[in-house]
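Some notes on the structure that comes next.
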Amino acid sequence: MQTIAVDAMGTDAAPTPEIDGAIQAAKARLARVLLVGPEDRLKLELAHRGAARQAIEIVHASEAVTMEDQGARAFRRKRDSSIRVAARLVNEGRAQGMISAGNTGAVMTTAKLMLGPLEGVDRPALAAVFPTAQGKAAVLVDVGANIDSKPLHLEQFAVMGEVYYRVIFGVERPRVGILSNGEEEHKGNELTRETFKRLKQLPLNFIGNVEGRDLYNGRVDVIVTDGFTGNVALKVSEGVVEAISGLLKQALSSTLPSKMGYVLSRKAFQNFKKRLDYSEYGGAPLLGVKGVCIICHGGSSAHAIKNAIRVAAEFSEGRVNEKIERELAGAVAGLSKL
């Protein structure tokens with residue numbers, strides 16, 4: 001099994017979701033888990049759950065990064081934080097990947113500095129998974145790691161996102177598009193128009209410009225954008241999902257004619273929420289760093305942590321990083337003429 005380091009002090013309710021998710025992953029034999037945090041507390045929590053025999057090892061970390069900490073400062077000052085110790089385990093080869101639901105800026109800074117970029121990657125990027133109307137997933141890259149990007153960076157995001165989608169979702173030729181304000185080739189700003197030219201030269205299944213609505217309709221598998229635009233799209237989508245879920249729940253509870261209707265509608269509502277639930281995908285991988293780094297939502301449940309461990313193990317087993325380096329090397333050779 002792959003070994004995954006789990007920052008046990010990241011979620012809003014830490015360490016409960018991390019511990020329960022680690023136990024679920026270990027029971028399902030998804031990976032061997034190194035649970036990183038205050039040793040005495042984690043030992044006590046595991047003992048209370050009767051999980052002593054699971055494939056879980058505790059690695060002590062005396063500090064935790066809070067949501068109020070600034071990423072670079074936390075990296076410098078909290079040298080024994082659970083985030084930094086988890087990254088160290090990957091850097092030393094004791095773990096193949098790490099997951100954290102902690103301070104996103106601190107996790108990204110730590111991963112970039114301690115793990116380092118892959119060969120051929122100028123800037124690592126965050127990839128977020130979106131459910132689509134066709135029952136499949138779409139991946140948006142970048143969703144916040146890089147506020148300002150150049151065409152070269154978006155080109156790398158496209159290659160990394162395509163390889164990730166191919167390995168994790170099992171699609172041989174994922175469709176790749178650029179997020180723009182129209183489908184026509186001349187639409188977009190200078191960044192998207194120049195990136196369009198570059199992606200046309202790559203051996204990708206490039207379908208051109210796509211619009212915001214294509215995040216959910218299943219027309220495209222991998223959507224490329226800069227981190228500023230991607231983060232706005234991600235946060236807007238999260239807000240819309242929360243609003244729709246709340247409105248739908250209110251409508252169902254106020255108009256149900258019978259107990260049987262309530263049971264049936266409740267089941268349909270639960271199925272609806274599950275299709276939109278980020279916890280099914282675990283978290284967002286930081287593509288382009290050595291090893292594996294999955295960044296989870298601060299409100300992650302045990303189910304989300306378990307799935308993040310699963311995705312991290314699949315990422316490592318699928319040798320995603322090796323494929324990214326190989327395909328970026330080929331892209332550089334092909335684009336050197338532009």
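Projecting the Cα atoms of 35, 58, 82 onto the charge dipole of the range 35-101 (Cβ charges, centred on the Cα centre) puts 82 farthest toward the positive pole. Answer with a single label: of (i) 25.3, 96; (ii) 20.5, 69; (iii) 27.3, 102, which was calculated as Rg and Dmax of the Cα atoms in Å from the structure in view? The value computed from this structure is option (ii). Residues of the range 213-244 falling in the label zone of residue 136, defined by backbone nitrogen less than 19 Å from a point 7 Å along Cα to beta-carbon, are 213-225.
Estimated from the Cβ-Cβ distance and a Förster radius of 41 angstrom, the FRET efficiency linking residue 216 and residue 40 is about 0.35. Charge dipole of the chain (Cα centre as origin; +1 on each Lys and Arg Cβ, -1 on each Asp and Glu Cβ, all else neutral): 720 debye, rounded to the nearest 20. Rounded to the nearest 0.05, the FRET efficiency derived from the C-beta distance between residue 80 and residue 1 at R0 = 25 Å is 0.40. Ranking of 48, 153 by neighbouring Cβ atoms within 10 Å, starting from the fewest: 48, 153.
Take the Cα of residue 326, go 7 Å toward its beta carbon, and the backbone nitrogen atoms of the range 155-184 under 18 Å from that spot belong to 159-174. Inter-part distance, the range 211-252 to the range 131-195, computed on C-alpha centroids, equals 15 Å. Amide H contacts for residue 289 (H built 1.01 Å from N in the peptide plane; partners 5 or more residues away or on another chain; cut-off under 5 Å): 118. Counted residue by residue at 0.36 nm each, then reduced by the alpha carbon distance between them, the extension gain from residue 245 to residue 186 reaches 17.5 nm. Cross-linked pairs 136/249; 200/306; 112/200; 43/112; 112/323: Cα-Cα separations exceed 27 Å for 200/306; 112/200; 43/112. Between residue 62 and residue 236, the contour length at 0.36 nm per residue exceeds the alpha carbon distance by 59.0 nm. Bridges between two residues of the chain, per DSSP, are antiparallel at a rate of about 25%.
Taken together, the values in this text are just the output of simple stated rules run on the coordinates, not laboratory data. A quick note: this is a predicted structure, and the numbers were derived from the prediction, not measured. Ideal geometry is used to build each Cβ from the backbone, glycine not excepted, and the neighbour counts take in all protein chains shown.
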